Amino acid sequence: QVQLVESGGGLVQPGGSLRLSCGASGSILRINFMGWYRQAPGMQRELVASISSGGSTNYADSVKGRFTISRDNARNTVYLQMSSLKPEDTAVYYCNADIMRVGGGVLRGYWGQGTQVTVSS
């Protein structure tokens, strides 16, 4: 059994910061792609940032210069440091990963349960 568990969401004022974490647990051999997506009410889920196993990163234009994605491969954890938050960043943030399992098999596009981020004064 593999789980992705996000944490760190909450309510923050505009201009504030939050750090999201997503830890993977279970029979994991290796994690390749890891990413953060978000979904606002009535909107489609969108990619916010991603990071490869080698550390290459990619960001949505809307968050470049404000958000930073990083990962700790030893802990099977990905982080999203969010700064200069805006009300339009309000959404449920989801962790996503491609996971190679011990004993074989790959879980592609595996989702966490999501964590709410609300930016409001």
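The values are calculated or read from the model by the stated rules, or taken from the named source; none is laboratory data. Computed from a predicted structure; not experimentally measured. Every residue, glycine among them, receives a Cβ derived from its backbone with ideal geometry; neighbour counts consider all protein chains shown. Only protein heavy atoms, including side chains, enter the accessible area calculation; ligands, DNA and RNA are left aside. Shrake-Rupley method; radii C 1.70, N 1.55, O 1.52, S 1.80 Å.
Data overview
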| quantity | calculated |
| --- | --- |
| Candidates G23, G15, filtered to the one that is touching a residue at least 40 places away in the same chain (Cβ under 8 Å), surrounded by fewer than 18 Cβ atoms within 10 Å (Cβ to Cβ) and touching a helix residue (DSSP H, G or I) at 6+ places or on another chain (Cβ under 8 Å) | G23 |
| Filtered residue count, the range 89-106, keeping only those that are open to solvent by 20 Å² or more (accessible area, probe 1.4 Å), within 29 Å of K64 (Cβ to Cβ) and either of a type outside the set (S, T, Y) or in a helix (DSSP H, G or I) (or both) | 2 |
| Strands (runs of 3 or more DSSP E) (entirely within the range 1-53) containing at least 1 residues that are of a type in the set (A, V, I, L, M, F, W, C) and over 16 Å from the mean Cα position of the chain (by Cα) | 2-7, 10-12, 28-39 |
| Residue satisfying condition, being over 15 Å from Q3 (Cβ atoms) and in contact with a Lys or Arg (Cβ under 6 Å, 6 or more places away or on another chain), within set Q116, Q81 | Q81 |
| Subset of the range 47-65 that is touching a Ser or Thr at 6+ places or on another chain (Cβ under 7 Å) and more than 19 Å from R30 (Cβ to Cβ) - its residue that is surrounded by the fewest Cβ atoms within 10 Å (Cβ to Cβ) | N58 |
| From V2, V48, residue being touching a Phe, Trp or Tyr at 6+ places or on another chain (Cβ under 6 Å) and either closer than 18 Å to Q113 by Cβ or not β-branched (V, I, T) (or both) | V48 |
